[in-house]
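I have placed the structure first, in the form of structure tokens, so that the comments after it can refer back to it.
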Amino acid sequence: MSSLWSSKPSHKDAEFEEANKHFEANGSRGCPRQPFENNHFSGTIGGSSATQTTPKLAGTEKLTAMSGWRVCVYCASTLAGSVNKEDRLLNYLDALGLTHETLRPANYCEIGCRLGYSLALSRVPAIGIDPDYEIKVALTAPTRLFNTTSDSFFARDDVAQILGAPIDLAFIDGLHLVEFALRDFMNLEKHASPDSVIVIDDLLPQHMDYASRQRNTTIWTGDVYRLIPILRHYRPDLDIRVYDVDMKGFGLVTRLDPSSDVLTANYGAIEADILAGKWLFPTVAAIRDHMQPRATDLLANDLGIIAAQRATKASMQSDRRVAPASSQRRPRLSVIICAYEMAREAPRTILSATAPYQKGLRPDEYEVIVVDNGSSTPLTYENLPPNAQIVRAPDPRQSPVFALNWAAREIAKGEILLFAIDGARIFSERLIDESVKAHDRMADAFVFSLSWHIGPKVQMQSVPEGYGAEIEDGLIRAVRWPDESDGLFGISVFAGSSSSGFFGGITESNSFSISRALFDRHGGFDERFTSPGGGLANLEIFRRYVTRPDARNVCLLSEGTFHQVHDSVATSGKNRWEAFASEYEAIFGGPYLRPSYHCFYQGKPRAGMVPFILQSLQG
């Protein structure tokens, strides 16, 4: 616990300096917690870490002296906590100091360095940007100060030369208005690396007066908190964590993408929404409800994980630099999953598609791309593994076909593409490994698996009879998934499209894979399908591939997907076939016909599949 506490001046020093500059002009001194009050004593407790006796302050007789700490009557109860550090709230300088200490960045950039208290935490080459800086403390690291706005700094033609290398750690504490913080984030990310970390201050105002767009109090966070819902809406690929740091909050943003132009492309619309009042919250409680701040006790552990991931990637990059070019690895396979309004279902799908649940392949041999197709609340997933990412479709539509094709063309790196049109499908534990094996054994293969519905019947039947998420959650818990992966077979039935079983010829698959070369030759999903959920697009692409000339089709005997109940075509109980069939006929000039095809089989059926193999043999 002691590693969380720094002997550096607390944020109260900086706030006092700001407050005192204002109040000294009026012959008074003020505390940031009680602006415009005149009942405070401000002094420095000097010396070493020995306990010293001070004048009695609000019932507190002894405080542990920490060089540079200041005391006031109003804040005495907080500062008294320095006797028992576990009782004192973590402040933003403590948190930022811990970030420096744990991550050990190569360089540091701070926007809004003002008096220098946070800038002084750096032990590596640093850049401070502030049009009105007035440094009050010694800066021990090599530091360059720029007396300009951050917008002007990043607009310089020579900014890349000034930086010299990607920004490794950055701190946003500039003008406390959301549009400025947004531009700061955009500029920093552009000049960062994917493994860099951006820290954001002023995300958790303790009083709505502090969150005003005009400064009326000594403590002022402005409306910077609005940056978080904006980033979560437009950039669900980012990992954003907000911590309950004292007075102002503390945000960490990782999984950066310097090549992303999403925020730039949408900046005009975002700025208009800001001015129109979007992403404003009426109360502190509403802000906290959206932020879902993490306890400060978790910060050290989270930073440790980030540091370990950074070290691992740095080691891998070092290995690549000394290895021959032929050893450089791209993922063999890219999993592309489309999700829309699946806050309950998608996390299970992501868990099932990634290690350690997926067996057989190393995580660096495949990647998982989850495309959020315009969910009203952008999809998030805590502790997303390094080989997985959530991206937001650039032009969300009610049909997922464009989003899937876009991800395959623009995001995926694998030589094999595995598509899951429905983000509510849980993967079996060797689905990805068996798919790769099938492609290794047969060139130009179309590899597919069968589908199951969780529950006693296909969900179009069970939902009208009362089956729903609560019952399903109970079933999944009862079979101890994910610890017991095969348990899902015991609580599921063949999906309607797989009802003919393994040997009768199914009509679609919710996990099929093809080589990128085959994708380029025969195309992806037909984007003329515009119905919700894609209509018959998944059936059409399945039919197109299994009936192509000289088709090589491989059915996985040991793997499959399990559909979770949600409001969709598969589960809502609403029969939309007539509308979908009409759309198909309008596109192709004739009705949809069930395909006839031959296939090979890959894999050994697991124990849980035996009843379904028998059902398939019985026809």
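Find all pairs meeting these conditions: Cβ atoms under 6 angstrom apart; at least six residues apart or on different chains; first residue within the range 528-556 and in the same structural domain as Tyr601 (by the TED database); second residue of a type in the set (S, T, N, Q) and surrounded by fewer than 18 Cβ atoms within 10 Å (Cβ to Cβ). Taking only residues 6 or more apart or on different chains, the pairs are Pro532/Gln398. Residues that are of a type in the set (Phe, Trp, Tyr) and closer than 19 Å to Ser498 by Cβ within the range 510-543 comprise Phe512, Phe542, listed in sequence order.
Annotation note: of Ile127, Ile167, Ile198, Ile172, the sole residue that is in contact with a His (Cβ under 7 Å, 6 or more places away or on another chain) and modelled with pLDDT of 95 or more is Ile167. Condition first: assigned to a helix (DSSP H, G or I), more than 18 Å from Arg344 (Cα to Cα) and either modelled with pLDDT of 95 or more or of a type in the set (Lys, Arg) (or both). Can you find one or more residues in the range 418-431 that meet it? Checked against the condition, which is being assigned to a helix (DSSP H, G or I), more than 18 Å from Arg344 (Cα to Cα) and either modelled with pLDDT of 95 or more or of a type in the set (Lys, Arg) (or both), the range 418-431 yields at least one hit. Taken across the range 329-340, residues that are at pLDDT below 95, among the polar types (S, T, N, Q), in contact with a strand residue (DSSP E or B) (Cβ under 7 Å, 6 or more places away or on another chain) and farther than 27 Å from Tyr267 by Cβ do not occur at all.
Considered as a group, the residues in the range 117-138 that are outside any strand (DSSP E or B) and of a type in the set (Val, Ile, Thr) include one that is farthest from Thr102 (Cα to Cα), and that residue is Ile135. With respect to the conditions (1) closer than 24 Å to Ile426 by Cβ; (2) among the acidic types (Asp, Glu); (3) over 34 Å from the mean Cα position of the chain (by Cα), Asp550 falls short on a single one, namely (1). Taking the criterion of being in contact with a His (Cβ under 6 Å, 6 or more places away or on another chain), aliphatic (A, V, I, L, M), assigned by the TED database to the domain that holds Cys109 and under 21 Å from Thr296 (Cα atoms), would at least one residue in the range 223-246 satisfy it? Yes, the range 223-246 has at least one match.
Residue-level check: of (1) closer than 11 Å to Phe525 by Cβ; (2) assigned to a helix (DSSP H, G or I), Lys437 misses just (1).
The residues in the range 138-184 that are of a type in the set (Gly, Ala, Ser), farther than 19 Å from Ala95 by Cα and surrounded by 19 or more Cβ atoms within 10 Å (Cβ to Cβ) can be counted, and the count is 2. Against the numbered list (1) free of Cβ contacts under 8 Å to residues at least 60 places away in the same chain; (2) buried (at least 22 other Cβ atoms within 10 Å of the Cβ), Ser212 comes up short only at (2).
Which residue out of Ser572, Ser596 is assigned to a loop (DSSP other than H, G, I, E, B), at pLDDT 95 or above and surrounded by fewer than 18 Cβ atoms within 10 Å (Cβ to Cβ)? Exactly one of Ser572, Ser596 is assigned to a loop (DSSP other than H, G, I, E, B), at pLDDT 95 or above and surrounded by fewer than 18 Cβ atoms within 10 Å (Cβ to Cβ), namely Ser596. Sub-8 Å Cβ pairs linking a first residue in the range 277-300 that is assigned by the TED database to the domain that holds Asp246 to a second residue that is in a helix (DSSP H, G or I) and of a type in the set (Ser, Thr, Tyr), at least 6 apart or interchain, are Phe281/Tyr225; Ile287/Tyr225; Met291/Tyr225; Ala300/Ser3; Ala300/Thr102, ordered by first then second residue. Within the range 265-272, identify whether any single residue is farther than 17 Å from Thr221 by Cα, among the polar types (S, T, N, Q) and free of Cβ contacts under 8 Å to residues at least 40 places away in the same chain, and answer yes or no. Yes: the range 265-272 contains one or more residues that are farther than 17 Å from Thr221 by Cα, among the polar types (S, T, N, Q) and free of Cβ contacts under 8 Å to residues at least 40 places away in the same chain.
Matching residues to (1) surrounded by 16 or more Cβ atoms within 10 Å (Cβ to Cβ); (2) farther than 27 Å from Arg241 by Cβ; (3) touching a strand residue (DSSP E or B) at 6+ places or on another chain (Cβ under 6 Å):
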| position | (1), (2), (3) |
| --- | --- |
| Asp364 | no, no, no |
| Pro385 | yes, no, no |
| Leu404 | yes, yes, yes |
| Phe419 | yes, yes, yes |
| Ala438 | yes, yes, yes |
| Val447 | yes, yes, yes |
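Number of residues in the range 506-546 that are part of a helix (DSSP H, G or I) and surrounded by fewer than 18 Cβ atoms within 10 Å (Cβ to Cβ): the value is 7.
Residue-by-condition table, conditions (1) under 25 Å from Asn266 (Cβ atoms); (2) assigned by the TED database to the domain that holds Phe580; (3) over 13 Å from the mean Cα position of the chain (by Cα):
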{"position": "Tyr366", "(1), (2), (3)": "no, yes, yes"}
{"position": "Tyr381", "(1), (2), (3)": "yes, yes, no"}
{"position": "Pro386", "(1), (2), (3)": "no, yes, no"}
{"position": "Ala408", "(1), (2), (3)": "yes, yes, yes"}
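Would you check if Gly504 is touching a residue at least 60 places away in the same chain (Cβ under 8 Å), over 31 Å from the mean Cα position of the chain (by Cα) and under 19 Å from Gly603 (Cα atoms)? Spelling it out, Gly504 is indeed touching a residue at least 60 places away in the same chain (Cβ under 8 Å), over 31 Å from the mean Cα position of the chain (by Cα) and under 19 Å from Gly603 (Cα atoms).
For the range 467-484, the criterion of being at negative phi, at pLDDT below 95 and surrounded by 19 or more Cβ atoms within 10 Å (Cβ to Cβ) is met by no residue.
The values are calculated or read from the model by the stated rules, or taken from the named source; none is laboratory data. Keep in mind the model is a prediction, meaning the values are calculated, not measured. FYI the Cβ positions are ideal-geometry reconstructions off the backbone, even for glycines, and counts take in every protein chain you see.
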